[in-house]
Amino acid sequence: MLKGKVAIVTGGTRGIGFEVVRKYLSNGAKVILFGSRQETVDNALNKLKEENQSWEAEGMCPKLTDAKEVEEAVNKVKEKYGRLDILVNNAGISQNTPLYNYTAEEFDKVIDLNVKAVFYAILPAAKIMKEQGGGCIINTSSMVSISGQPAGVGYPASKFAVNGITISLARELGKDNIRVNAVAPGVTKTDMVAALPEQTVQAISARIPLGRAGEPEEVADAFLYLASDMASYVTGEILSVDGASKA
Ligand code: NAD
């Protein structure tokens, strides 16, 4: 479904991002994953090589909250591969801090990675995509971008912002043949959820109409669809993959 396409996936070393990388590679894309540390990038690349020697994957570690480093990394991809078809902004952190314990620094931290870094990657990527005649940007939102959450207000605030970026840029960049969408996962079995107490996960799962948390592979399928030509007329969409959690 993605034969010959070149994709960047941020936070591609584990969790949902890693499954997106695998899914894109197995569908014929060349993938450059952006991770936070060389060690985790190398581990992810080794795992991928073990699975399939012929997959074309490489990794880079720009500091995602540094606009200049991100611009340089994105431009390097264009220099090496001649194009950039897909940008997946997936790296993110969550927060659960009650308001009265919050600090301004903690709030800034989630906004810096979940919102500003998304913008920093889109800026150079969209310029490349415009020049080559089109492309596709997929951001990672969350079900809390619709329902909010009862603690850690910085996290839903960041994902509401991701939706705003997605819908607004879909309107602005349509004329350049750049589609901009987001995937909004529900509770998905990654390290982010493993960090929560088991009781909390069980209580959340019991309220999900499908009766279970999602698998990272199930979320990655939405990223594959949105990146593919099957979604050629889909832009400005926030695609929920959440077992109807917010219903
Ligand atoms: P995860 O913690 O397993 O993975 C997060 C990824 O982001 C990792 O690859 C990590 O290296 C990267 N990352 C974190 N901080 C970084 C930094 N400062 N610089 C560069 N990379 C950094 O989480 P996940 O569950 O796979 O989450 C992926 C995305 O999905 C996030 O944007 C998250 O908000 C969103 N999401 C997850 C869930 C869920 O239940 N797991 C639900 C809704 C939305």
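Counting only protein heavy atoms and a 1.4 Å probe, the chain has 49 square angstrom of accessible area per residue. The relative contact order of segment 102-203, computed from alpha carbon pairs under 8 Å that lie at least 6 residues apart in sequence, is 31 percent. Largest mean-square fluctuation among K78, K159, K47, in a Gaussian network model of the chain whose springs join Cα atoms under 10 Å apart, belongs to K47. Working from the Cα coordinates of segment 149-219, the gyration tensor eigenvalues give, after taking √(5λ), semi-axes of 30, 15, 10 Å in decreasing order. Under the criterion of Cα pairs below 8 Å and six or more residues apart, the relative contact order for the chain equals 20 percent. Which of the residue pairs K30/K159; K23/K63; K68/K175; K49/K109; K5/K127; K76/K109 have a Cα-Cα distance greater than 23 Å in the structure shown? Check vs 23 Å cut-off fails for K30/K159; K23/K63; K68/K175; K49/K109; K76/K109.
Does segment 112-247 classify as rounded, prolate or oblate by the C-alpha gyration tensor (a ≥ b ≥ c root eigenvalues; a/c under 1.5 gives rounded; else a/b over b/c gives prolate, otherwise oblate)? Prolate, since a/c reaches 1.5 and a/b exceeds b/c. One Cα centroid belongs to segment 79-114, the other to segment 183-207; the line between them spans 19 Å. Within the listed set I204, I146, I167, the Gaussian network model of the chain (springs between alpha-carbon atoms below 10 Å) gives the highest mean-square fluctuation for I204.
For segment 10-135, the relative contact order is 25 percent, taking Cα pairs closer than 8 Å that sit 6 or more residues apart in sequence and dividing their mean separation by the residue count.
Just by accessible area at a 1.4 angstrom probe, what is the order of M230, M192, M129, M143 from largest to smallest?
These residues rank, largest area first, as M230, M192, M143, M129.
Sorted into 5 angstrom bins from 0, the C-alpha pair distances of segment 50-128 split as 3, 13, 21, 18, 15, 11, 9, 5, 3, 1, 0 percent.
Quick one: pull the percent of accessible area on segment 145-247 belonging to carbon and sulfur, 1.4 Å probe, ligands and nucleic acids left out.
It is 57 percent, rounded to a whole number.
In segment 85-154, a dipole from Cβ-located charges (positive for Lys and Arg, negative for Asp and Glu) runs towards its positive end, and of A117, V153, Y100 it is A117 whose Cα lies farthest in that direction. What the Cα convex hull of the chain gives, in volume per residue, is 124 Å³.
Solvent-accessible area assigned to carbon and sulfur over segment 1-121 amounts to 48 percent, based on a 1.4 Å probe.
Rounded to the nearest 20 debye, the dipole size of the chain about its Cα centre is 440 debye, using +1 on the Cβ of Lys and Arg and -1 on the Cβ of Asp and Glu.
The values are calculated or read from the model by the stated rules, or taken from the named source; none is laboratory data. Because the structure is predicted, anything quoted here is derived from the model rather than measured. All Cβ positions, glycine included, derive from the backbone under ideal geometry; neighbour counts span all protein chains shown. To get the accessible areas, we keep the full protein, side chains included, count just its heavy atoms, and leave off ligands, DNA and RNA. Shrake-Rupley method; radii C 1.70, N 1.55, O 1.52, S 1.80 Å.
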